[in-house]
1. Hey, among ILE52, ILE22, which residue is outside any strand (DSSP E or B) and hydrophobic (A, V, I, L, M, F, W, C)?
2. In this structure, does GLY92 turn out to be free of Cβ contacts under 8 Å to residues at least 24 places away in the same chain and surrounded by 18 or more Cβ atoms within 10 Å (Cβ to Cβ)?
3. Has segment 95-104 got any residue that is over 21 Å from ILE13 (Cα atoms), within 17 Å of the chain's Cα centre (by Cα) and of a type in the set (Ser, Thr, Tyr)?
4. Could you list, in sequence order, the residues of segment 36-49 that are charged (D, E, K, R) and either touching a residue at least 40 places away in the same chain (Cβ under 8 Å) or outside any strand (DSSP E or B) (or both)?
Amino acid sequence: MPIKGTLTREDPITEQLVLALIRSKKVPGRLVPQYSLLTERPDGTAHLSSDIDFVLTMGDDEDVYLACECKRLNVPFKSGKKALVREYLDEGLARFLIGKYSPGLPYALMLGYVMDGNTVSARRALRRALTARTPALRLSSLSASSDDDPFASRHDRVDDCDIEVVHRLLAWP
């Protein structure tokens, strides 16, 4: 259990972020929180396969969107801080790589909520983990990064459509 209250969990933070972005009226398009993916089974029936934390849609094409998956990093627990980089990669980034999220789309966004505010250490740990797991993550390139800027990783996705994922780390609180 995290040390702080409700706003230390991923979903409430994401809900507040999406609300703030909508209220700012500075984001082009429409933000949709907990975007449900409607997919087709092999027998032709439809089902809701999963929810993306939020998406940015532009225009009327429901199949074209920028998906954003959010994960916490550097989470303080009573037992000590946990980096949660593995969860970021395995339960976040991997969903884009296997085509569960954004199938056939070339871009995606990962947001890391850095719960201890130390984005520099979180970025370094995340980049080390990406590099160490290059074959498993099908990593083809990793952009240069300063301590405050987002960085991008490009992956050879299983559907043969490469995807570039921008990683943005936000200090919280």
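1. Checking each option against the conditions leaves just ILE22.
2. yes
3. There is at least one residue in segment 95-104 that is over 21 Å from ILE13 (Cα atoms), within 17 Å of the chain's Cα centre (by Cα) and of a type in the set (Ser, Thr, Tyr).
4. Once the filter is applied, which keeps residues that are charged (D, E, K, R) and either touching a residue at least 40 places away in the same chain (Cβ under 8 Å) or outside any strand (DSSP E or B) (or both), segment 36-49 yields ARG41, ASP43.
Conditions (1) at pLDDT 95 or above; (2) within 17 Å of the chain's Cα centre (by Cα); (3) among the polar types (S, T, N, Q); (4) open to solvent by less than 60 Å² (accessible area, probe 1.4 Å), marked per residue:
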site	(1), (2), (3), (4)
ARG128	yes, no, no, no
ASP148	no, no, no, no
ALA152	yes, yes, no, yes
ARG157	no, yes, no, yes
VAL165	yes, yes, no, yes
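The values are calculated or read from the model by the stated rules, or taken from the named source; none is laboratory data. Quick caveat: nothing in here was measured; it's all calculated off a predicted structure. Virtual Cβ from ideal backbone geometry, glycine too; neighbours counted across all protein chains shown. Areas reflect the complete protein model, heavy atoms only, side chains present, ligands, DNA and RNA absent. Shrake-Rupley method; radii C 1.70, N 1.55, O 1.52, S 1.80 Å.
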